[in-house]
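Trainee: Have a look at the structure that comes next, please.
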Amino acid sequence: MAKGERLGEFEELILLCVCTLGEEAYAVRIQARLEEVAERSTALGGIYAALDRMERKRFVRSWLGEPAAVRGGRRKRFYAATQRGIAALNHLRDARAHLWSQFDSTVAGAGS
């Protein structure tokens, strides 16, 4: 995978949030989920920038929802992972699992 086609750590976390939020994946909810699960404070602008990068890489797709019920309510932009995005997550998970298994056996051996 070329450098511009890879997921960075922050993008990986956001894409995982998108996947776990399902139909409720919009920027504010993604930000809240990231802060809740990863205990990582992030500016909303950073979330939007990462989502934009991932959309250009075709890891996510987005669409506008219906306007909010309040007068003058804005439409939310929702996000969903694409097959390409899910494949990138699976690749990272497998690579990390392989490295962690080597780490675990190396550390266990070093403790002897």
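The values are calculated or read from the model by the stated rules, or taken from the named source; none is laboratory data. Here the structure is a predicted model, which means the values were calculated and not measured. As a convention, Cβ positions derive from the backbone with ideal geometry for all residues, glycine included, and neighbour counts pool all protein chains shown.
Trainee: Does Arg77 fit the bill of being modelled with pLDDT of 95 or more and in contact with a strand residue (DSSP E or B) (Cβ under 7 Å, 6 or more places away or on another chain)? Show your work before the answer.
Mentor: Working: modelled with pLDDT of 95 or more: yes; in contact with a strand residue (DSSP E or B) (Cβ under 7 Å, 6 or more places away or on another chain): yes.
Yes; evaluated as a whole, the condition is true for this residue.
Trainee: Still on this model: Output the number of the condition that Arg93 fails; it satisfies all remaining conditions of (1) surrounded by 10 or more Cβ atoms within 10 Å (Cβ to Cβ); (2) at pLDDT below 90; (3) of a type in the set (Lys, Arg).
Mentor: Result: Arg93 passes all but (2).
Trainee: Also: Can you tell me which of Glu55, Glu24, Glu39, Glu9 is within 21 Å of Arg75 (Cα to Cα) and exposed (fewer than 14 other Cβ atoms within 10 Å of the Cβ)? Before the answer, list the steps.
Mentor: Values: Glu55 fails: exposed (fewer than 14 other Cβ atoms within 10 Å of the Cβ); Glu39 fails: within 21 Å of Arg75 (Cα to Cα); Glu9 fails: within 21 Å of Arg75 (Cα to Cα).
Result of the check over Glu55, Glu24, Glu39, Glu9: Glu24.
Trainee: Which pairs do you get when a residue that is closer than 16 Å to Leu7 by Cα, found in region 89-108, comes within reach of a residue that is β-branched (Val, Ile, Thr) and loosely packed, with under 10 Cβ neighbours inside 10 Å, reach meaning Cβ atoms under 8 angstrom, with the pair 6+ apart or on two chains?
Mentor: Filtered contacts from region 89-108: no entries.
Trainee: Are there any pairs, at least 6 apart or on different chains, whose C-beta atoms fall under 8 Å, with the first in region 1-21 and closer than 16 Å to Glu39 by Cβ and of a type in the set (Phe, Trp, Tyr) and the second crowded, with 16+ Cβ neighbours inside 10 Å and at pLDDT 95 or above, and if so, which?
Mentor: From region 1-21, the pairs are Phe10/Ala50.
Trainee: Same structure, new question: Restrict the check to region 70-82 and report whether at least one residue is in contact with a Leu (Cβ under 8 Å, 6 or more places away or on another chain), touching a residue at least 60 places away in the same chain (Cβ under 8 Å) and surrounded by 11 or more Cβ atoms within 10 Å (Cβ to Cβ).
Mentor: yes
Trainee: Looking at Arg29 and the list (1) farther than 16 Å from Leu13 by Cβ; (2) surrounded by 10 or more Cβ atoms within 10 Å (Cβ to Cβ); (3) charged (D, E, K, R), which single condition is not satisfied?
Mentor: Every condition holds for Arg29 apart from (1).
Trainee: Here is a further query. What pairs come out if I take residues in region 55-68 that are in contact (Cβ under 8 Å) with a residue 12 or more places away in the chain and pair them with residues that are part of a strand (DSSP E or B) and aliphatic (A, V, I, L, M) whose C-beta lies under 9 Å away, six or more apart or interchain?
Mentor: Short answer, once both residue conditions are applied: Phe59/Ala81; Val60/Ala80; Val60/Ala81; Arg61/Ala80; Arg61/Ala81; Ser62/Ala80; Trp63/Ala80.
Trainee: Do you know which residues across region 63-86 are more than 17 Å from Glu5 (Cβ to Cβ) and in contact with a helix residue (DSSP H, G or I) (Cβ under 6 Å, 6 or more places away or on another chain)? Break it down stepwise before answering.
Mentor: Applying the first criterion (more than 17 Å from Glu5 (Cβ to Cβ)) to region 63-86 yields 63-80.
Result: Tyr79, single match.
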